[in-house]
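Remarks on the structure that follows.
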Amino acid sequence: MSGDLYNWSFRRSLRVSFGNVRYALRFPWYIRNWLRIWNEYDLAVSIQNNVIPFVCNFHLGDNFLLSAFAGEYCKTYGLQGVFVLAPPNQINLISRLPGVIRVEALKPRDLRFLIDIRFDTRFLAWIAYTRPFSRCVIASSVFLFGGGRPSKARVFPDVFAMGLGMPAETKPAPLPLPSQEELERATKLLESAGLRPSHTVLLAPGSNSLSHEHMPDESWRILARLAKEHGWSVALNRSGCITRIPGTVALDIPLEDLVAIGHACGWVIAQRSGLCDVVAGRIPRLTVLYSIDRQRYDPLQPDPCGRFYSLVESGQDPHAEELFLDDDFDEIKAQELFGGFERL
């Protein structure tokens, strides 16, 4: 037993030593790139004007949730507003959130660097505790530091609230409801695609980016077929979908149009992803499928059913229909989903 403990300790010390050497070698590169971003986007000027930069370098849902706390963050710390740096496809979406007074798209080189450092806790900690950089808020840093206390984080948004130094029960702001003009444009889009407004199921296997959290394509084919059998027209959010689903009309939906188009469709069925955070509480009917696949790599998951990510539990969408799956989504489960509806 003592020999095993010695071997384990020795291997662990080697890993730590190699990790320290690697970090020391990369640190100058980290600094050069971070200073370039600091200067290129005038972050020092923004901070001097009491406008705090939010740097979105994580997944869609994480970036959206962080930005959705901007209003409460400004109230808590007496700020003028928040300046968000985000991936190009997210800026029109994030600009609609309360407290966000400016949004700028990250250039490809800067985005690649920020993605590269998002799990390097040592450099994130260095930024967080080094003035004046410490005034910046980085999505992955908030996620990691807030997630370091999972026993206090009852639901996923709590991680961001706590990472921002606010009480866990602080709620993220939802998107504003779509305007009448936006709804009319969405309705015309559906009609031009041969879809029926208010009687369309929008299938969303991903979050407008390729994802490994993708249920088997056969599950989506079953959903599409049964929806049509029950009188619904069926659309597919092609962004984030790996393959074509027969029987659906594929739509390329920008993130900022998701709420309006989802509202015009009437029903969205989505794999749990950042897309669900975007539309939560803003469309007539949302069905969220939680896959057991999350268990394989998610360090924050405290239970086997994914309820930590529940939109209902978090209050993001108290009326969402959530299915926690412990195996594949088959035809029997799909029939139950449509069983409560008469054929249209």
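Does residue 160 satisfy being under 17 Å from the mean Cα position of the chain (by Cα), touching a residue at least 12 places away in the same chain (Cβ under 8 Å) and within 17 Å of residue 82 (Cα to Cα)?
Criteria met by residue 160.
Would you pick out the residues in the stretch 60-95 that are touching a helix residue (DSSP H, G or I) at 6+ places or on another chain (Cβ under 7 Å) and among the charged types (D, E, K, R)?
If the condition is that a residue be touching a helix residue (DSSP H, G or I) at 6+ places or on another chain (Cβ under 7 Å) and among the charged types (D, E, K, R), then 62 is the only one that fits.
Within the stretch 162-179, is even one residue modelled with pLDDT under 90 and farther than 30 Å from residue 333 by Cβ?
Yes: one or more hits.
List, please: which pairs have Cβ atoms under 7 Å, are six or more places apart or on different chains, and start with a residue in the stretch 216-244 that is outside the structural domain of residue 186 (by TED's automatic domain parsing) and end with one that is modelled with pLDDT under 85?
Close Cβ pairs satisfying both conditions: none exist.
With respect to residue 203, is the statement that it is modelled with pLDDT of 90 or more and surrounded by fewer than 20 Cβ atoms within 10 Å (Cβ to Cβ) true?
Working: modelled with pLDDT of 90 or more: yes; surrounded by fewer than 20 Cβ atoms within 10 Å (Cβ to Cβ): no.
Criteria not met by residue 203.
Going by what's in this entry, would residue 115 be described as surrounded by fewer than 18 Cβ atoms within 10 Å (Cβ to Cβ) and in contact with a Gly (Cβ under 6 Å, 6 or more places away or on another chain)? Spell out the reasoning first.
Working: surrounded by fewer than 18 Cβ atoms within 10 Å (Cβ to Cβ): yes; in contact with a Gly (Cβ under 6 Å, 6 or more places away or on another chain): no.
Here the answer is no, as residue 115 does not meet what is asked.
If I filter the stretch 96-110 for residues that are assigned to a helix (DSSP H, G or I), outside the structural domain of residue 257 (by TED's automatic domain parsing) and in contact (Cβ under 8 Å) with a residue 24 or more places away in the chain, do I get at least one hit?
yes
Determine the pairs where a residue that is under 24 Å from residue 168 (Cβ atoms) and touching a residue at least 12 places away in the same chain (Cβ under 8 Å), located within the stretch 118-143, has a partner that is surrounded by fewer than 14 Cβ atoms within 10 Å (Cβ to Cβ) and of a type in the set (D, E, K, R) with Cβ atoms under 6 Å apart, the partner being 6 or more residues away or on another chain.
Note: no pairs meet the criteria.
The rows are residues; the columns are (1) surrounded by fewer than 22 Cβ atoms within 10 Å (Cβ to Cβ); (2) at pLDDT 95 or above.
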{"position": "69", "(1), (2)": "no, yes"}
{"position": "77", "(1), (2)": "yes, yes"}
{"position": "92", "(1), (2)": "yes, yes"}
{"position": "95", "(1), (2)": "yes, yes"}
{"position": "103", "(1), (2)": "yes, yes"}
{"position": "109", "(1), (2)": "yes, yes"}
{"position": "119", "(1), (2)": "yes, no"}
{"position": "131", "(1), (2)": "yes, no"}
{"position": "134", "(1), (2)": "yes, no"}
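Within the stretch 145-161, count every residue that is at pLDDT 80 or above and not small (Gly, Ala, Ser).
7
Here's the yes/no breakdown for (1) more than 20 Å from the chain's Cα centre (by Cα); (2) at pLDDT 80 or above:
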residue: 302; (1), (2): no, no
residue: 313; (1), (2): no, yes
residue: 318; (1), (2): no, yes
residue: 329; (1), (2): yes, no
residue: 334; (1), (2): yes, no
residue: 342; (1), (2): yes, no
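Out of the residues in the stretch 276-300 that are out of contact with any Leu (no Cβ under 8 Å at 6 or more places or on another chain), part of a loop (DSSP other than H, G, I, E, B) and among the charged types (D, E, K, R), which is modelled with the lowest pLDDT?
Checking each candidate, the answer is 298.
The values are calculated or read from the model by the stated rules, or taken from the named source; none is laboratory data. None of the values given here were measured: they were computed from a predicted structure. In this analysis, Cβ positions are derived from the backbone assuming ideal geometry, glycine residues included, and neighbour counts consider all displayed protein chains.
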